[in-house]
Amino acid sequence: MEKAADVAVKGEALIKPEFLTTKVKFHEFVDSEWQGPKGEKASENEKVEETSVEEPDTKKLKLEPEESNKAGKPDGKRKRGQNKSRPHVKPFTYDEKRLCLSVMRDNRECPFGDKCHFHHDVAEYLATKPADIGDSCYLYDTFGKCTYGLSCRFAKAHTTPDFKTMENAELIKAYEGRSVLKNTLSKDLQNRLRKHSVAFTKSAEYLKTLSNNKDKREQQGNGDARVAELPADPTEGEQLVSTEAETQVQPQASPDKQPPVKTVGPLTDVDVIKLRPCEKKQVDFQDKLYLAPLTTCGNLPFRRVCKRFGADITCGEMAMCTNLLQGQQSEWALLKRHESEDVFGVQVEGCFPDTMTRCAELINNNIDVDFVDINSGCPIDLVYKKGGGCGLMTRTRKFEQIIKGMNYVLDVPLTVKIRTGVQEKSNVAHKLIPEMKKWGVSMVTLHGRSREQRYTKLADWDYIKTCSKLASPVPLFGNGDILSYEDAMKARDTGVSGIMIARGALIKPWIFTEIKESRHWDISSSERLDILRDFTNFGLEHWGSDTRGVEKTRTFMLEWLSFMCRYIPVGLLERVPQKINERPPYYMGRNYLESLMASQHVGDWIRISEMLLGPVPKNFNFLPKHKANAYK
């Protein structure tokens with residue numbers, strides 16, 4: 001018992017003694033037994049090359065300010081939780097020269113002629129193209145056609161001897177008219193956003209009330225007066241505009257947009273008869289499992305994996321509202337929705353009422369979502385220092401204006417994700433939640449840590465319980481430290497309306513199945529590899545099956561593996577379940593693949609990716625974005 005207690009104090013998980021080993025023996029075993037993608041054992045040179053990859057340092061104890069300065073690091077500038085200076089190689093650097101689209105699309109004449117920088121000679125391109133990865137192409141087998149043609153890394157599966165791309169007419173017909181992917185940015189909308197020609201009529205109505213109220217306060221000489229509340233009912237909001245402003249702003253239809261219904265005059269019925277809050281589209285949030293919007297790792301292929309295991313609600317990665325308003329393709333990609341995501345929302349981040357309200361109207365008019373979420377819990381400096389993320393929790397007037405403005409322009413529910421507060425010992429969520437109820441929020445998600453804590457120390461579920469009572473009848477979801485169905489049951493006992501799962505889903509995406517079936521799943525290593533294979537296929541469908549797409553899929557898989565390696569199989573644990581803040585000790589799995597998946601060495605994650613995506617390019621380099629910094 002004393003020994004077990006000692007291990008627990010160190011923050012290590014309790015594993016059956018027969019599986020425990022040392023770091024040296026573990027890596028010797030993994031290296032000696034490794035077989036490459038083609039089944040050959042690694043040569044001595046390869047072993048030396050791979051093991052030379054530096055393993056991330058284990059977490060060191062926090063230094064006192066004086067010791068920190070002695071070590072040459074300025075006070076408060078210690079880098080924690082991220083590899084901020086990691087090498088970052090963009091996927092397009094792996095392509096020396098690509099095949100021209102005109103050649104890929106049935107050898108049509110290239111519109112750029114001699115000025116085109118891409119290959120037009122198929123034989124010349126194939127001589128420089130990396131070797132194919134496999135014999136079957138997921139895109140061809142699923143959709144009947146691979147749009148990447150000869151540039152696909154599985155091209156031999158759908159290419160004739162005379163370099164023509166084959167098609168399966170039956171599969172193509174099955175997907176005809178079916179939209180698998182939604183919320184893509186059209187070129188027309190992108191151009192209009194860049195030219196600032198998109199009309200934000202409802203936003204203008206709301207923002208005019210703010211400016212009128214500001215003018216009135218200045219005239220009265222009372223700068224501290226509260227902003228006049230915009231009624232939750234938009235029809236009352238119009239009356240407010242007419243009484244407080246000299247002229248009423250009438251909503252005008254965009255000249256380049258056709259009215260959705262037949263009308264007699266210039267206004268549509270939608271303009272005349274406004275939606276009341278009770279008539280907005282409603283989402284049943286009660287007792288649902290919510291996959292958190294995870295930056296980097298919460299991409300569309302990963303969300304599809306979690307949907308298969310039983311996630312009820314999914315949400316896109318955090319998108320910056322200013323980038324969306326500028327029509328940035330990379331930011332709009334975060335809003336994409338797969339057909340399997342039946343309850344889907346997007347999360348936006350911003351710090352000003354005008355940009356956030358316009359962004360909400362843009363989303364409302366152009367994409368298909370079930371709710372919009374405001375990120376008021378992001379702890380990173382880039383967001384916080386400009387007043388966004390956690391910064392909104394301390395800027396209540398701006399926060400109120402943002403929520404009311406977004407609610408005014410949206411036809412779907414508005415939700416908010418917050419933390420307990422900014423400082424560790426100064427919680428403010430309990431003061432903010434009753435206010436947010438008045439402002440018209442449809443649901444609140446509370447992460448049981450402050451910004452200062454990041455992911456160190458356990459989430460405060462007692463505080464979440466207090467806040468859930470204050471939030472009633474508005475649903476409140478709890479978030480923090482859920483890694484098993486037992487954790488989920490304890491969380492439900494606090495009276496929350498539902499549970500949001502973040503790192504728990506990254507470590508074990510089958511957690512949704514465990515919670516719904518109330519069991520601990522001793523999943524095998526081959527089943528876990530099948531999950532990664534599904535992710536690979538979804539990634540190739542989403543990012544492409546050419547070299548760029550393959551390497552992008554690999555990069556996101558490696559980011560995910562930096563979390564997945566923390567999972568300890570149930571059959572190896574001396575005490576079930578595993579806790580999220582317990583560091584896995586070095587252990588041997590029940591087979592080689594289980595041991596390989598337990599490695600926290602970057603080189604071994606690359607080996608796993610090679611089993612599914614073939615050998616990495618010669619100039620490949622990777623370090624994960626996140627370190628395991630939550631063990632205390």
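Just a few scattered comments:
- With all protein chains kept in place, the per residue accessible area of the range 484-632 amounts to 31 square angstrom at a probe of 1.4 angstrom.
- Taken over the range 473-632, lysine pairs spaced eight or more positions apart, or on distinct chains, with alpha carbons under 21 Å apart number 14.
- The largest accessible area among Lys438, Lys145, Lys288 belongs to the first residue in Lys438, Lys145, Lys288, and the rest follow in falling order (1.4 Å probe, all chains).
- Checked against a 22 Å cut-off, the cross-linked pairs Lys145/Lys173; Lys425/Lys465; Lys281/Lys437; Lys398/Lys425; Lys288/Lys431; Lys182/Lys307 give Cα-Cα distances beyond that limit for Lys398/Lys425; Lys288/Lys431.
- Here the spin labels are modelled as points 7 Å beyond Cα on the Cα-Cβ line, and at Ser186 and Gln326 they lie 2.4 nm apart.
- Under the combined filter of DSSP loop state and at most 12 neighbouring Cβ atoms within 10 Å, the range 322-381 retains these GluC sites (Glu not before Pro): Glu339.
- Taking amide H atoms as placed 1.01 Å from N in the peptide plane, the amide H of Ile15 lies under 5 Å from those of Glu574, each 5 or more residues away in sequence or on another chain.
- For the range 421-496: rounded, prolate or oblate by the Cα gyration tensor [a/c cutoff 1.5]: oblate
- The range 123-135 - phi-based ³J(HN,Hα) in whole Hz, Karplus 6.51/-1.76/1.60, Gly and Pro as x: 4, 5, 5, 5, 5, 9, 6, x, 4, 5, 8, x, 8
- Each Lys or Arg adds one and each Asp or Glu subtracts one; over the other residues with Cβ under 11 Å from the Cβ of Phe154, this totals -2.
- Fraction of accessible area attributable to carbon and sulfur, the range 487-632 (%, probe 1.4 Å): 50 percent
- If you take the Cα centroid of the range 309-371 and the Cα centroid of the range 554-632, the two points sit 31 Å apart.
- 5 angstrom amide H check on Gln347, placed H, neighbours 5+ away: Gly316, Ala319, Asp373
- From phi via Karplus (6.51, -1.76, 1.60), per-residue ³J(HN,Hα) for the range 390-404 in Hz, x at Gly/Pro: 4, x, 5, 5, 9, 10, 5, 5, 5, 4, 4, 5, 5, 4, 5
- Rounded percent of accessible protein surface that carbon and sulfur make up, the range 268-410, 1.4 Å probe: 50 percent
- Whole-number accessible area per residue in Å² for the range 389-440, which is evaluated in the context of all protein chains at 1.4 Å: 32 Å²
The values are calculated or read from the model by the stated rules, or taken from the named source; none is laboratory data. All figures in this text were calculated on a predicted structure; none of them were measured in a lab. Every residue, glycine as well, gets a Cβ built from its backbone with ideal geometry; the counts of neighbours run over all protein chains shown. Only protein heavy atoms, including side chains, enter the accessible area calculation; ligands, DNA and RNA are left aside. Shrake-Rupley method; radii C 1.70, N 1.55, O 1.52, S 1.80 Å.
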